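Shown next, in structure tokens, is the structure this report addresses.
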Amino acid sequence: MKNVVVVGAQWGDEGKGKVVDILAPHFDIVARYQGGHNAGHTVRIGDRKFILRLIPSGILHEECSCVIGNGVVVDPRAFNAELQELREMGVECEGRLVVSSRAHLILPYHVALDRAREERLGVNSVGTTMRGIGPAYEDKASRCGIRAGDLLYPDLLREKIRSNIKEKNLELVSMGAEPVAPDSTLDEFLVEALRLKPFIRDTAMMIDTATRDGKSVLIEGAQGTMLDVDHGTYPFVTSSNATAGGAATGLGLAPKKITGALGIAKAYTTRVGGGPFPTELLDEHGAYLQKRGNEYGAVTGRPRRTGWLDATVVRYAVMLNGFDALALTKLDVLDEFDEINISTGYRCRGELLEGMPYGANVLAECEPVYETLPGWKATTSRTTNFDELPPAAKDYIRRVEELCGAPIALISTGPDRTETIIREGSPLSAWMK
Ligand code: IMP
């Protein structure tokens, strides 16, 4: 049995798309288990660039089947647009892509509520992607959500949506926002949503049958550990369980069937949106990382905040997700630094902390404790062999392994599939057999 989950070890945008793309040919199914089109997984193949938001990155491999699991929230308009974009790039999804009947749908009122709440919060806003993600998960938890399977029962569906619109409009108006127009909202939504019907399946059952038949599943996380609704920097988080545990509930896959976990960490740290970020660099080094690393959100285009690698964050992610190994991405972005810092812990209210403190308010008061390593001042771009890396780059990688408590099995040295080092004898090389 080989079912491996890939999870971001920081605040998202670690480069999961590229790593999933490398692993996908060695798996039969690629499945998403949480999040929605707030994710942006960039895959570069030669001079072509694909940005996948909702559809698993495995779709770029003809031999892979792709699953959008019950834990994902699906905006039908975004789904249809992504299908169309892929079609225009020569990638056909029909027959290879299924959506769980239990996946909740994002409706226009979720988007309106997301915006209204963020506006009301003002300077304390979460900095969401404004895609309606949080409000859709709220409806799931409060048991008034609309699920993909409801599309098979149109009369009941209309009734439920009409009743929801009434309630949501009261809420929107109470926040001083525009209500949504009941009739046109419903009609326009249904036009988009009903196009999902041919994709809807009982995906938990499908995955169960496939795994019993010896097929393997690559489970693609979105966002990252620090954005997990339970374990992240709450309330500056997304509204789902991005950590590996979410893969079991988000797919209906029994936890004991998940046989491996791979964490993806950038060689430095980035974050989009609000919330604490102890190693953030607001100086010329931060600006350099942003420019050289092209750190702009794949979904919203927002500039990402940048900072040094925070080993406390990655160590915490190793603990929560049980990573067998890590993939370290964007090593080449550090090529020109004279010295490189890694935060090994935090100092907070005069105390030295080793673990992740509770709550965003405490983390906001934490000062990183840095260890400084010499830079390698040489190009690692496009290197594909670990032995060919400059000695100081190898030392940096070994130190990250020690501090974070997991072996680094893959090192990304550029955006293309080919600009990758895969270390022999690592769990990753075993998954690629
Ligand atoms: P939401 O998921 O749109 O509700 O946004 C909640 C928080 O998660 C915000 O800080 C977003 O910037 C962040 N976020 C959501 N999706 C991603 C992602 O794919 N990468 C990085 N940050 C994300």
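We did not get these values from a lab; they are worked out from the coordinates using the rules stated. What you are looking at is a predicted structure, and each value in this text was computed from that prediction instead of being measured. All Cβ positions, glycine included, derive from the backbone under ideal geometry; neighbour counts span all protein chains shown.
Condition first: over 17 Å from ASP228 (Cα atoms), within 16 Å of the ligand (Cβ to nearest atom) and in contact (Cβ under 8 Å) with a residue 40 or more places away in the chain. Can you find one or more residues in the range 331-350 that meet it? Step through it out loud before you land on a result.
The first filter runs over the range 331-350 and keeps only residues over 17 Å from ASP228 (Cα atoms), leaving 331-350.
In the following step, the residues that additionally are within 16 Å of the ligand (Cβ to nearest atom) were identified as none.
Within the range 331-350, not a single residue is over 17 Å from ASP228 (Cα atoms), within 16 Å of the ligand (Cβ to nearest atom) and in contact (Cβ under 8 Å) with a residue 40 or more places away in the chain.
Tally time: how many residues in the range 348-373 are of a type outside the set (A, V, I, L, M, F, W, C) and out of contact with any strand residue (DSSP E or B) (no Cβ under 6 Å at 6 or more places or on another chain)?
Restricting attention to the range 348-373, the residues satisfying the condition of being of a type outside the set (A, V, I, L, M, F, W, C) are 349-351, 354-355, 357-359, 361, 365, 367-368, 370-372.
Those left that are additionally out of contact with any strand residue (DSSP E or B) (no Cβ under 6 Å at 6 or more places or on another chain): 349-351, 355, 357-359, 361.
Total satisfying the criteria: 8.
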- Evaluation of ARG292 against (1) touching a Ser or Thr at 6+ places or on another chain (Cβ under 9 Å); (2) away from the ligand (no atom under 15 Å from the Cβ); (3) not aliphatic (A, V, I, L, M) (one fails), failing number: (1)
- Message: Residues that are out of contact with any His (no Cβ under 7 Å at 6 or more places or on another chain), more than 14 Å from the ligand (Cβ to nearest atom) and over 25 Å from LEU352 (Cβ atoms): does the range 274-282 have at least one?
- Response: no
- Which one of THR418, THR413, THR379 is of a type in the set (Ser, Thr, Tyr), within 18 Å of TYR268 (Cβ to Cβ) and under 23 Å from the mean Cα position of the chain (by Cα)? THR413
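Which helices (runs of 4 or more DSSP H) sit wholly inside the range 76-151 and have at least 3 residues that are crowded, with 22+ Cβ neighbours inside 10 Å and within 16 Å of the ligand (Cβ to nearest atom)? Steps first, answer last, please.
Numbers: elements: 76-88, 108-121, 133-141.
Where helices (runs of 4 or more DSSP H) fall fully within the range 76-151 and carry at least 3 residues being crowded, with 22+ Cβ neighbours inside 10 Å and within 16 Å of the ligand (Cβ to nearest atom), they are 108-121, 133-141.
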- Query: Is it the case that LEU334 is buried (at least 16 other Cβ atoms within 10 Å of the Cβ) and not acidic (Asp, Glu)?
  - Reply: yes
- Task: Working only within the range 295-308, note down all residues that are within 16 Å of the ligand (Cβ to nearest atom) and either among the hydrophobic types (A, V, I, L, M, F, W, C) or not in a loop (DSSP other than H, G, I, E, B) (or both).
- Result: TYR296, ALA298, VAL299, PRO303, ARG305, THR306, GLY307
- Item | Spans of strands (runs of 3 or more DSSP E) in the range 331-415 with at least 1 residues of a type in the set (Ser, Thr, Tyr) | 339-348, 367-374, 408-412
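What about PHE323, is it more than 25 Å from the chain's Cα centre (by Cα), assigned to a loop (DSSP other than H, G, I, E, B) and touching a residue at least 12 places away in the same chain (Cβ under 8 Å)?
Details: more than 25 Å from the chain's Cα centre (by Cα): no; assigned to a loop (DSSP other than H, G, I, E, B): yes; touching a residue at least 12 places away in the same chain (Cβ under 8 Å): yes.
Against the criterion (more than 25 Å from the chain's Cα centre (by Cα), assigned to a loop (DSSP other than H, G, I, E, B) and touching a residue at least 12 places away in the same chain (Cβ under 8 Å)), PHE323 does not qualify.
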- Query: Which ones in the range 51-74 are within 16 Å of the ligand (Cβ to nearest atom) and in contact with a Ser or Thr (Cβ under 7 Å, 6 or more places away or on another chain)?
  - Reply: ILE51, ILE68, GLY71
